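Below is one structure, written out as structure tokens; the observations come after it.
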């Protein structure tokens with residue numbers, strides 16, 4: 001793994017995480033139901049990526065097995081975003097983003113199953129720190145319990161599709177993966193509306209302000225960020241990506257406070273829990289760096 005290339009991917013990953021942090025702010029500003037919000041988001045984003053691939057002259061072809069896998073992953077992503085935005089509506093941006101950080105413990109358990117490797121003890125430890133952080137948040141923010149629970153479900157789904165993407169990116173182009181996953185999400189929500197008898201819920205009369213926020217959410221915070229987040233996984237492991245995404249609460253909480261002020265001010269327990277989450281991220285950086293140095297020395301000695 002080239003160090004310069006690795007650092008470039010880490011920088012890109014953190015830009016993406018900052019953009020992801022802003023999605024919480026947009027989710028609160030957009031005043032439509034979560035399912036409809038996600039349907040429009042994925043539709044606009046899939047069209048944007050489709051245009052990007054067409055302009056580049058990239059092929060849309062994908063083998064049947066890969067196509068089905070990416071579409072199914074899109075179902076998971078759609079569910080993740082619906083739980084994510086509903087968590088914001090039931091609580092606030094800060095609570096939702098902090099709960100989302102529990103993705104790391106889920107990834108620590110799921111990644112060995114998908115990549116057929118042993119569970120790393122330090123990964124479980126760091127995931128445990130995240131859970132402890134969530135415990136403090138839950139203890140001091142009991143009035144937002146529903147938002148926390150929905151956020152944890154969103155975190156599990158985020159971990160699941162992150163690990164699946166870690167396998168898909170080894171075989172397929174990131175642009176095509178993103179295009180078919182987002183399209184799969186649109187299909188999933190459309191089917192949900194159809195079979196639940198709520199197909200009339202799909203409409204385009206959202207108002208100018210909602211449309212402006214939706215376009216920012218779909219094009220910048222989804223199409224660009226989604227392709228980039230999949231691309232960096234060519235060099236970075238799913239667990240590194242997941243733990244880095246734990247910075248999303250930090251970025252998102254700061255952005256939410258800038259936009260919404262006192263409404264996003266939380267208890268001391270919340271910030272203690274968030275600090276534990278941040279500690280897990282920095283610990284991961286240190287451990288990864290030591291592992292790279294140890295592997296480099298071993299390679300030089302052979």
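Here residue 195 does not fit the description of being within 23 Å of the chain's Cα centre (by Cα) and either surrounded by fewer than 23 Cβ atoms within 10 Å (Cβ to Cβ) or modelled with pLDDT of 85 or more (or both). How many residues does segment 51-72 contain that are assigned to a helix (DSSP H, G or I), surrounded by fewer than 20 Cβ atoms within 10 Å (Cβ to Cβ) and touching a residue at least 24 places away in the same chain (Cβ under 8 Å)? Count: 7. Within the set 119, 130, the sole residue that is in contact with a helix residue (DSSP H, G or I) (Cβ under 7 Å, 6 or more places away or on another chain), crowded, with 24+ Cβ neighbours inside 10 Å and farther than 30 Å from residue 214 by Cα turns out to be 130. If you check 46, 91 for being modelled with pLDDT of 90 or more and crowded, with 20+ Cβ neighbours inside 10 Å, only one passes: 46.
All of 106, 84, 22 fail the test of being crowded, with 16+ Cβ neighbours inside 10 Å, under 18 Å from the mean Cα position of the chain (by Cα), in contact (Cβ under 8 Å) with a residue 12 or more places away in the chain and under 17 Å from residue 224 (Cα atoms), apart from 22. Can you tell me which residue in segment 258-272 is surrounded by the fewest Cβ atoms within 10 Å (Cβ to Cβ), limited to those that are without any contact (Cβ under 8 Å) to a residue 12 or more places away in the chain and in a helix (DSSP H, G or I)? Top of the filtered list is 262. The condition (being part of a helix (DSSP H, G or I) and over 30 Å from residue 263 (Cβ atoms)) is satisfied by just one residue among 110, 157, 134, 150: 110. Residues in segment 165-175: is at least one in a helix (DSSP H, G or I), at pLDDT 85 or above, in contact with a helix residue (DSSP H, G or I) (Cβ under 7 Å, 6 or more places away or on another chain) and under 23 Å from residue 34 (Cα atoms)? No, there is no match, as no residue in segment 165-175 is in a helix (DSSP H, G or I), at pLDDT 85 or above, in contact with a helix residue (DSSP H, G or I) (Cβ under 7 Å, 6 or more places away or on another chain) and under 23 Å from residue 34 (Cα atoms).
The combined condition, being assigned to a helix (DSSP H, G or I), at pLDDT 80 or above and surrounded by fewer than 23 Cβ atoms within 10 Å (Cβ to Cβ), is fulfilled by residue 125.
Of the set (1) free of Cβ contacts under 8 Å to residues at least 60 places away in the same chain; (2) in a loop (DSSP other than H, G, I, E, B); (3) within 20 Å of residue 49 (Cβ to Cβ), all apply to residue 205 but (3).
The values are calculated or read from the model by the stated rules, or taken from the named source; none is laboratory data. Computed from a predicted model, the values in this text were never measured in an experiment. Here the Cβ is made from the backbone with ideal geometry for all residues, glycine too, and neighbour counts use every protein chain on show.
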